[in-house]
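Trainee: Below: one structure in structure tokens.
The values are calculated or read from the model by the stated rules, or taken from the named source; none is laboratory data. These figures come from a predicted structure and were not determined experimentally. Using ideal geometry, Cβ is built from the backbone for each residue, glycine included, and neighbour counts are taken over all protein chains shown.
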Amino acid sequence: MKKEDVIKKVKRLILWWMNQRQNKLVDELTDTMSINPFLLPFIVEYHSLSSLSELFNLVIASHLITGHNTGFGKLIDEKVLPEVFGSTKLSKKFRAENEPFIDSCFDEIDHIIKKPNGKIELLSLKAGRWTIQLTMAVQLNYAFKEIVTKYPKLFESINVGVFYGTADRLTDKYDILRGINRGAVHKVTDLQGKVHVHVGADFWSWINNGEAQTQEWILAGILEALKESNIQKINKDLLSSFEVAVSKKLNIDSNKKINKKDWFNLLEKINGTVSE
């Protein structure tokens, strides 16, 4: 994919995605927030906050950023890879209609990548270094082994793509899924010849057939979308409204100073009380 096409398509998708994220504020979906009442006093002290308003701003920002991270991962998986780079997403519908992908061993395969030379590669997409833990790494190794054993002619290789970070900062779980034991011995099969891991800049280059600057083009598209969107001005009032909605939900004045009684009031608002 050429530079101009990548930037243009990424820009369009980012503008769409930002609109989706704004709906989070417009609809004031405070019911999705999970507030830990026991952690709030620590947050105030740790971050040197002086009012409930400052506390709510931090809690709301944390809540929204979690959603941003999850939403951006879905954007890459469901929109950017298929619509910009032409991958085939292994959706539920696609798997049901295309043998042998209905097989459970393909549960962790997210995309089919067709290279210019006609070879087919499989992709399991991950966000970052902490995306997989030990149990999942072992399960991935088992699933990849089953695919390699049952469908050896279906594909050239299985690739695990991590779209941000660097290879030297990955945890050992990315070795274990390939069947490499570097410390404790796990019951995994050596699949190094068939399973590869691509991280950060290498991943974006791999997905775009060796174009080394692909990650820069992705970022350029994002920046162009932000420049056009004016999202900062629009969201200023929306964030204030979101704070008011949270305050109403907890039935407290967010502008007041914090005192000891507030912590117990918040505890009851969030956790309830025992009925006698």
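Trainee: Let me confirm something: among Glu99, Glu108, which residue is assigned to a loop (DSSP other than H, G, I, E, B), among the acidic types (Asp, Glu), more than 20 Å from Ala201 (Cα to Cα) and in contact with a strand residue (DSSP E or B) (Cβ under 9 Å, 6 or more places away or on another chain)?
Mentor: Glu108
Trainee: Considering the stretch 112-128 alone, what residues qualify as being without any contact (Cβ under 8 Å) to a residue 40 or more places away in the chain, over 17 Å from Lys145 (Cα atoms) and crowded, with 21+ Cβ neighbours inside 10 Å?
Mentor: Hit for the stretch 112-128 is Lys126, nothing else.
Trainee: Another question, if that's okay. Among the residues of the stretch 167-197, which ones are of a type in the set (Gly, Ala, Ser) and either over 16 Å from Phe144 (Cβ atoms) or surrounded by fewer than 17 Cβ atoms within 10 Å (Cβ to Cβ) (or both)?
Mentor: Within the stretch 167-197, Ala167, Gly183, Ala184, Gly193 qualify.
Trainee: Of all helices (runs of 4 or more DSSP H) completely enclosed by the stretch 187-276, which ones contain at least 3 residues that are under 21 Å from Leu39 (Cβ atoms)?
Mentor: 231-250, 260-271
Trainee: Moving on to the next point. Of (1) acidic (Asp, Glu); (2) surrounded by fewer than 18 Cβ atoms within 10 Å (Cβ to Cβ); (3) at pLDDT 95 or above, Glu99 satisfies all except one. Which?
Mentor: (3)
Trainee: Would you confirm whether any residue within the stretch 132-139 is in contact with a helix residue (DSSP H, G or I) (Cβ under 6 Å, 6 or more places away or on another chain), in a helix (DSSP H, G or I), surrounded by 17 or more Cβ atoms within 10 Å (Cβ to Cβ) and not hydroxyl-bearing (Ser, Thr, Tyr)?
Mentor: The answer is yes; a qualifying residue exists.
Trainee: Considering only residues that are surrounded by fewer than 19 Cβ atoms within 10 Å (Cβ to Cβ) and on the phi < 0 side of the Ramachandran plot, which ones fall in the stretch 198-214?
Mentor: The answer is His198, Ala201, Asp202, Ser205, Glu211, Ala212, Gln213.
Trainee: Count, please, the residues in the stretch 149-177 that happen to be part of a loop (DSSP other than H, G, I, E, B) and under 22 Å from the mean Cα position of the chain (by Cα). Reasoning before the result, please.
Mentor: Taking the stretch 149-177 and keeping what is part of a loop (DSSP other than H, G, I, E, B), we get 151-156, 163-166, 170-172, 177.
Cutting the leftovers down to under 22 Å from the mean Cα position of the chain (by Cα) gives us 163-166, 170-172, 177.
Residues in the stretch 149-177 being part of a loop (DSSP other than H, G, I, E, B) and under 22 Å from the mean Cα position of the chain (by Cα): 8 in total.
Trainee: What pairs come up if the first residue lies in the stretch 68-86 and is in the same structural domain as Ile7 (by TED's automatic domain parsing) and touching a residue at least 24 places away in the same chain (Cβ under 8 Å), the second is of a type in the set (S, T, N, Q) and assigned to a helix (DSSP H, G or I), and their beta carbons are under 8 Å apart, counting only those six or more places apart or on different chains?
Mentor: Gly71/Gln20
Listed here are the residues, each with its yes/no results for (1) without any contact (Cβ under 8 Å) to a residue 40 or more places away in the chain; (2) touching a His at 6+ places or on another chain (Cβ under 7 Å); (3) not hydrophobic (A, V, I, L, M, F, W, C).
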residue: Gln139; (1), (2), (3): yes, no, yes
residue: Val148; (1), (2), (3): no, no, no
residue: Tyr151; (1), (2), (3): no, no, yes
residue: Gly165; (1), (2), (3): yes, no, yes
residue: Leu170; (1), (2), (3): no, no, no
residue: Lys194; (1), (2), (3): no, no, yes
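Trainee: Among the candidates Leu55, Leu81, Leu64, single out the residue that is over 25 Å from Lys114 (Cα atoms) and touching a His at 6+ places or on another chain (Cβ under 9 Å).
Mentor: So the residue among Leu55, Leu81, Leu64 that is over 25 Å from Lys114 (Cα atoms) and touching a His at 6+ places or on another chain (Cβ under 9 Å) is Leu55.
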